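In what follows, a structure is listed as structure tokens, so that the remarks can point back to it.
The values are calculated or read from the model by the stated rules, or taken from the named source; none is laboratory data. These figures come from a predicted structure and were not determined experimentally. Glycine also receives a Cβ, built like all others from the backbone with ideal geometry; neighbour counts cover every protein chain displayed.
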Amino acid sequence: MKKWTTFIVFCAVCLVKAQTQSPTWTDEELAERLNYGLKLGLGVSTMTGGELENARPYVGPSAGFFWYTKEKKSPWGFQTGFEGNLRGSNFANSNDQLPGGGNSNYRRIGIISADVPLLLNYRMGKKSDEVYRCVQMGLLVSGIIKSTVYLGPDKLPAQHYLDSNGMSHLYRWKNLPLKPIEFAAVLGYQSRGAVAGWQAQLKVGINNMNNNFVLPYAYPVTGRGRRISTASLNFSLVF
């Protein structure tokens, strides 16, 4: 993950410096300016609610494309797209605090999701400004493709985890008992010049994803019917 972070930071410096410095655009230039592109970034996420204990931040990559309406007289516009995200949460469940030993403690949940943002953009500045800056607000529809729990200090996936006798002691599943769709409120900021720019978004889950969530033989104990949601802060390059 350190390599991902270094790569994103390096690209951000190079691409943002590549933006032209002309103060305004002509009508002809505005007509030609692209209102779509690609995005590549990192997200810091965690899982909230009372069902899962001792949640800690998790860092994962994201990538996708976006499209927004052309600049017009009104400062309001619409933006959407499609994104793939790796998110979830780490958990600070140590060996000596819980029954079952460290090999039974859940330490991470990873979620691969396909996301569609539905955003309103409010342009900051003039229509003719060379850099398009806007505040974003709206809804994210997130579909879970894959979800996995990792156990013990080595964070091994539960589906393939073996105990000291070489036997699997957890049920096998394709996905965790989470609802397949999560809705999240989004608040963000986007700045894009002629070549590249950046975006920051806060995403907070609205609905309860708990779908009779139980991790058999894992600690802390689950199956209490409490809320499970996610929250994340994403930083992306747009180009």
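Couple of notes before you dig in:
- Residue pairs whose Cβ atoms lie under 6 Å apart, sitting 6 or more positions apart in sequence or on different chains, and linking a residue in segment 84-100 that is within 20 Å of Asn234 (Cα to Cα) to a partner that is modelled with pLDDT of 95 or more and of a type in the set (Asp, Glu), are Asn85/Asp115.
- Taken across segment 187-206, residues that are aromatic (Phe, Trp, Tyr), in a strand (DSSP E or B) and surrounded by fewer than 22 Cβ atoms within 10 Å (Cβ to Cβ) do occur, with at least one present.
- Arg87 vs. criteria at pLDDT below 95, part of a strand (DSSP E or B) and surrounded by 20 or more Cβ atoms within 10 Å (Cβ to Cβ): no
Every residue, every condition in (1) surrounded by fewer than 13 Cβ atoms within 10 Å (Cβ to Cβ); (2) touching a strand residue (DSSP E or B) at 6+ places or on another chain (Cβ under 7 Å); (3) at pLDDT 90 or above; (4) part of a strand (DSSP E or B), yes or no:
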| site | (1), (2), (3), (4) |
| --- | --- |
| Val9 | no, no, no, no |
| Glu28 | yes, no, no, no |
| Gly64 | no, yes, yes, yes |
| Trp67 | no, yes, yes, yes |
| Phe78 | yes, yes, yes, yes |
| Gly81 | no, yes, yes, yes |
| Asn103 | no, yes, no, no |
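- Top-ranked residue in segment 61-88 [being within 11 Å of the chain's Cα centre (by Cα) and polar (S, T, N, Q); ranked as farthest from Asn210 (Cα to Cα)]: Ser62
- Taking the criterion of being modelled with pLDDT of 90 or more and surrounded by 17 or more Cβ atoms within 10 Å (Cβ to Cβ), the residues of segment 209-220 that qualify are Met209, Asn210, Phe213.
- Some residue of segment 105-120 being in a loop (DSSP other than H, G, I, E, B), small (Gly, Ala, Ser) and either modelled with pLDDT under 90 or under 14 Å from Val44 (Cα atoms) (or both): no
- Residues within segment 222-239 that are part of a loop (DSSP other than H, G, I, E, B) and in contact with an Asp or Glu (Cβ under 9 Å, 6 or more places away or on another chain), tallied: 7
- Test for Asn234: is it under 17 Å from Tyr106 (Cα atoms) and at pLDDT 95 or above: no
- Of all residues in segment 30-60, those that are under 30 Å from Val221 (Cα atoms) and within 12 Å of the chain's Cα centre (by Cα) total 9.
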